1. Take the alpha carbon gyration tensor of region 820-921, find the square roots of its eigenvalues, order them as a ≥ b ≥ c, and report rounded if a/c is under 1.5; if not, report prolate when a/b exceeds b/c, else oblate.
2. If you filter region 871-978 for trypsin sites (Lys or Arg not before Pro), then keep DSSP loop positions with at most 13 other Cβ within 10 Å, what is left?
3. Per residue of region 959-968, what does 6.51 cos²θ - 1.76 cosθ + 1.60 with θ = phi - 60° give for ³J(HN,Hα)? Whole Hz please, x for Gly and Pro, Karplus curve as stated.
4. Based on Cβ point charges of +1 for Lys and Arg and -1 for Asp and Glu, what charge dipole magnitude is obtained for the chain about its Cα centre, in debye rounded to the nearest 20?
5. What's the whole-number percent of alpha carbon pairs in region 134-270 lying beyond 23 angstrom?
6. Quick one: which residues, 5+ away or cross-chain, put their amide H under 5 Å from the amide H of ASN253? H built at 1.01 Å from N.
7. On a straight-distance basis, which aspartates and glutamates could pair with LYS159 in a cross-link, Cα separation under 12 angstrom, same-chain partners fewer than 8 positions away excluded?
8. Ordered by residue, what ³J(HN,Hα) values in Hz, to whole numbers, does region 391-401 give under the Karplus form 6.51 cos²θ - 1.76 cosθ + 1.60, where θ = phi - 60° and Gly and Pro are x?
Amino acid sequence: MARLALSIDLERCTGCRSCEAACKQVNGLGPHEYRNKVMWLGAPEVPALDFLTVTCQQCERPACVRACPVSPKALSRDPVTGVVSVDTSRCTGCGECVLACPYGAMGYDPVDHHAVKCDLCAPRRARGEGPACASVCPTRAITFGERDSLVARAELAGKPVRDHDHFLQGPATLYLDRKQVAGTASPDRLAHARAPALLTDQSTRQRLTAAHTQAPYRLDKSAPADEVKPGGCHICFNGCTLKFHLRDGEVVNILGNDEDPVFQGRICPKSQMTLQLYKHPARLTRPLKRVGERGSGRFEEISWEQALDEIAQRLMAVRTEHGGEALAIHMGTRTGVLNIMGYTRLFSQLWGTPNVLTTEPFCDAGKVVALELTLGSTSVGNIYTEDDIGSARLFVYFGDNQAETRPVNFGMVNDWRLTSGARMVVIDPRLTATASKADEWLAIRPGTDMALALGLIHEIFATGQHDQAFCEDWVQGWRIWRDFVNAQGYSAEWAASITDLDVTTIRTLATAIASADGCMIFASRGVNQHSNSVQTNRVLMFLAAMTGNWGRRGGGYFNVASEPDWVMVPVPEARRAPITRSAVGRSPVAWLDGMRKGSPYPIRALITGNNPAAQWPGGSAVEDALKSLDLLVHVELFRNETSALADYVLPAASGIEKGGISRLAEDRRIVWNDRIIDPPGEARSDHWIWIELGKRFGFEDVLKDEYKNPSVFWDEVFCRATPDLNGVTMARLKSTPYRWVRTPVAHEDDPEQGTLYLEGTTAFGCTDGRRFPTASGKLEFWNEALEERFLAIGLSALPVFYTEAEQLIDLPHLAPHGEKAEMQVSPFFHSRAVVEGAVWTAATSDSPGAKLRAQGFDTELVTGRPTAPHFHSWTHYFWQAQEMWPDLYCQLHPDKASRIGVRDGGRVCVETPRGTIEARAWITPGIRPDAVFVPIGWDRTQPFHPADSVNALTEGALDPVSHQSNLKLHLCRVRAAT
């Protein structure tokens, strides 16, 4: 065996910190203990973002060994492998080695008082597994092997190896830089880089102590697991496959499934940190009943029987006085797809309420409606394989920070494009982790993606670069769109004036998209979470279609999850309760008037998961609405701001405590979890809760007791209801060691489908020859029926440009709610829902934005997901996620910071007409000078670093087509906190 080493590719690393999470769990490390650590580095003067993984260099002449005063020494270097290790039985905790290491790679155990350092996972190497960090790395940035072999691979790939032997230690670890461009000198991006103050400041992390480190952390992890069971992560749309390592019936490690042919064991930190979920001391374990005023936090523990009996009695009182529709149900992320599309749908039909929603209106409702209108299906065609998405020659991201929201998928994309030489362009108001890896970052004005796409379309038509044959054969209404875009003057120059991008840049991008042999266009919440959500998605879809990038490998349109074409789980006609009134919109925002004012009719009871009090837009208005209810039932894992307002708090099971599928993967994969462990205390699955509550109303003939087993419910009810899932039986799901099947599958023994809608194929469930699952068999962008539907709410099926009312320049927008708007039944939803009509308003100097600017609101507030270790609010209960990213932060440009007199790491106040919050300043040139960014997920009740939710600042204006909320853009003003 030769000298061993890690190779760390700085061009691939996105700073997700999956390596940190893996290291801590497999080595049993607690707070403030590190064997590796990822540093975020930015240049103070120019937009730049790099990530440096600091770990032991396994030096040839290790300073730590020389400095160790113990005899015999507690540190030693293996003469064959070169690995330096600590003998903790000899270490006295003097700290000399920590001080001696010139790379800052030595850690310290403050509980057992000894040195901590990377030994390349010696117990795992003994089992032939290799270091955990390399096994999980989502981006393939970390590679383990013999050093000479790693050097040879770097040379073959043309990757420069950084010289970091400034201290003459002979380090083994390789740091690989970006490939050098022929004929140019590559600047040293790390030479003057620094980390943001909120990451170097350890003061806020001091509240993390060993007491927070529940089992199985800080336990001996050297022995192998008794049992390893496959499953999946239940957090995000990446749909990663996992292996749960158990010892004595307890989960001791969660790592990636190395038998998965797509992911090959690569996962992000969130998957691993769910290890902190299952025995968390703050988990809800008993039903709670409020005994004080709403918001007082005073509850008493009661039995499940009492809780469900009393909830049922109060629900009956609401129905008697106000009707069945007065109950609203809002379930989403945490509860899982099997619950939100299965059990709750059965209950709502039996009860008789149309007011049932998921988190879709705050996520991707606009994309869903746009796909249904254009494609006739929500099943997106492309898949994450090297011969499909990996074969694209251009990747364009519109408002999609995939590197942090779906790290494993981005890792594959980045790896493929670096290998093939494909280009990447990222369009975003700030330099995200995704943008840091791109060939080009376009700092667009927030909310103007639709204008940019229209300018690209105009330019492509004007220069004759569209795919004429594809347009003729497969794009219905393309000529009408072309003529409309020309007539409106949506040129590159027009787009430049709105987007604040250079006209030459727009023209160059148009040519790149049109000429690339395969262009993948990605969009996400940066596009979705706007009041023009559907139309922006349709325009981006048209851009893909007109260039022939639809129904092919290596070209397509992606936007977060791909969904089966759902069919409502069936309830016998005779058992369905009558529903006499339409749903109050298709967003919880539309429910607020029903709660507060009884308009258009009263909503008096809410059963919810998640955290509406912090995560619905509107802040104080939401709190007032929740306080006004006759009954609020909160089903959750941990207490949060919503729990404090609830009448009853019910403890829920999650993930492998209950089984089933959770999130829908981006490329149509359904991932299954068995029920592997028991939930804590008396916590129960959502499945159990709905069935037991249903018994109080006599629903047990439909919500059967045996359906508490999710496997039974899946086979007997759920997958039978939706044709896309008919063949995805339990037998099929469990037939592979990675527990996933890619839909659609009609029969259990049918082959799995790859890329959909290829030329010469027939769409799933369609008659022969229909390539796309629309009525025409084509992609539908304009026809008379579409136009009638849009006209019914005051819009057109043609791409009339508008954006948010609150902007720094005057742009077309929709009239605010209540201004010239009338209630009507929407033509865009599968069930009857009352919505407000839209009134398009031209740009004027009397706009809402102009009025706010006159009051000093001179900055555009952008919101979004935080860094990769966090997801909404529940990761804030994981001590390690808090150690990685503790504080609510506000990214702002140095020019803005200088004007308001705030330093990096200082505190700022961000104010909109709706409220004010405080956050720590993260000063970076990687954001537009007139914008700030504040992430979602924090609330005032979190255990480690509570903070006000950014939704105290938002108001959630609705897209009239989909009822998607504008969460992305509001005018604000920023000042240094006093």
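1. Verdict is oblate for region 820-921.
2. Sparse-neighbourhood loop trypsin sites (Lys or Arg not before Pro): ARG903.
3. 5, x, 7, 10, 6, 5, 8, 6, 10, 8
4. Using Cβ point charges on Lys, Arg, Asp and Glu, the chain gives about 1700 debye.
5. Counting pairs separated by more than 23 Å, the tail of P(r) holds 60 percent.
6. Amide H to amide H, under 5 Å and 5 or more residues apart or across chains, ASN253 pairs with HIS245.
7. List returned: ASP9, GLU11, ASP177.
8. Listing the rounded values in order: 8, 4, 9, 8, 10, 10, 10, 9, x, 10, 8 Hz.
Bear in mind these aren't lab numbers, they're just calculated from the coordinates by the rules spelled out. Fair warning: this is a prediction, and the values are worked out from it, not measured in the lab. Cβ: placed from backbone, ideal geometry, glycine included. Neighbour counts: every protein chain shown.
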